[in-house]
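The values are calculated or read from the model by the stated rules, or taken from the named source; none is laboratory data. Note that this is a predicted model, so its numbers are computed, not measured. Cβ: placed from backbone, ideal geometry, glycine included. Neighbour counts: every protein chain shown.
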Amino acid sequence: MWCHVFRQSFMCFNLEMDRLTLEPIGFVRTGKDLKFQTPHQPDVDSKETNLIELLPGKNFELALQDLEGFEFIWLVWWFHRNDTWRPRVIPPRGPAVRRGVFATRAPHRPNPIGLTSVRLLCVEGLTLKVGPLDLVDGTPILDIKPYIPSIDAHLDAKAGWVDETNRNLREADRFDVRWSDEAEATLPEDLHDRVHELLSIDPTPHRTRRILKLKDGTHRLACGPWRVYFTSSDRVITIREVKHIE
């Protein structure tokens, strides 16, 4: 009975509204233009601050009333740099295994909608000052919702393949990452820690992490216009060279 009603409703939806129109309510201001500069998930303990600037002339001043009493908010946003989707993807964490996109947070989705919880620091007019974000500068914001711990937090919930990946990462020894003087001086400071952290966890070739093993046995990590060349031996990573690609 219910399935029949659902099918009828879905058919009406397709006939009457086969396209939905969304408009951004504002944009993220992080100063980070490269996806590599952002973490895969925000570090809630970081002191980093960012801004959400809402558009004027939309009565959003009224919509923001009473929000400042919440410590965290949900941002619903658009993966504006993606124009294709994939039914299976390789997540950046863990081994290079393809997984169904609906079991991941990958950006390559049928509708490229993202969801991020972020610490709300203050509201000043149409600007929200927030904590660390995993979004690049200019990301369109579609909606803002309050984070309600009693509803949104399920601390004992199982997380499928993510639980196994996290367990393996906790149990694995970190790699010792060493830099040549020239390489350390060449890479911009805001990318240095991100490269160091990523390679210390897992330097193995990985498409999503953009790590490639070259014919001469060295490895190359791509981070925006930068290429980091390194070797690996006995859990020691030696970063030998950094190049900027025009």
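Tell me which residues, restricted to region 113-140, are more than 30 Å from ARG167 (Cβ to Cβ) and either outside the structural domain of THR30 (by TED's automatic domain parsing) or not β-branched (Val, Ile, Thr) (or both).
LEU120, LEU121, CYS122, GLU124, GLY125, LEU126, LEU128, LYS129, ASP137, GLY138, PRO140 - these are the residues of region 113-140 that are more than 30 Å from ARG167 (Cβ to Cβ) and either outside the structural domain of THR30 (by TED's automatic domain parsing) or not β-branched (Val, Ile, Thr) (or both).
With the condition kept exactly as written, say whether any residue in region 7-27 is modelled with pLDDT of 95 or more and not in a loop (DSSP other than H, G, I, E, B).
The answer is yes, given that some residue of region 7-27 is modelled with pLDDT of 95 or more and not in a loop (DSSP other than H, G, I, E, B).
From the residues in region 77-116 that are within 13 Å of the chain's Cα centre (by Cα) and among the aliphatic types (A, V, I, L, M), which one is surrounded by the most Cβ atoms within 10 Å (Cβ to Cβ)?
Of everything passing the filter in region 77-116, ALA106 is surrounded by the most Cβ atoms within 10 Å (Cβ to Cβ).
Could you name every one of the helices (runs of 4 or more DSSP H) located completely within region 157-236 that has at least 3 residues being aliphatic (A, V, I, L, M), surrounded by 12 or more Cβ atoms within 10 Å (Cβ to Cβ) and not assigned by TED's automatic domain parsing to the domain that holds LYS32?
The qualifying helices (runs of 4 or more DSSP H) are 189-201.
What are the residue pairs meeting all of these: first residue in region 217-246, first residue at positive phi, second residue of a type in the set (Phe, Trp, Tyr), Cβ atoms under 9 Å, and 6 or more apart or on different chains?
GLY224/PHE36; ARG235/PHE175
Can you tell which of ILE148, ILE141 is crowded, with 17+ Cβ neighbours inside 10 Å and either within 23 Å of the chain's Cα centre (by Cα) or not aliphatic (A, V, I, L, M) (or both)?
ILE141
Restricting attention to region 123-156, which residues are among the charged types (D, E, K, R), within 23 Å of LYS32 (Cβ to Cβ) and in a loop (DSSP other than H, G, I, E, B)?
Those that are among the charged types (D, E, K, R), within 23 Å of LYS32 (Cβ to Cβ) and in a loop (DSSP other than H, G, I, E, B): ASP134, ASP137.
Looking at VAL195, VAL242, which is the one that is of a type in the set (Val, Ile, Thr), under 19 Å from the mean Cα position of the chain (by Cα) and more than 22 Å from PHE102 (Cα to Cα)?
VAL195
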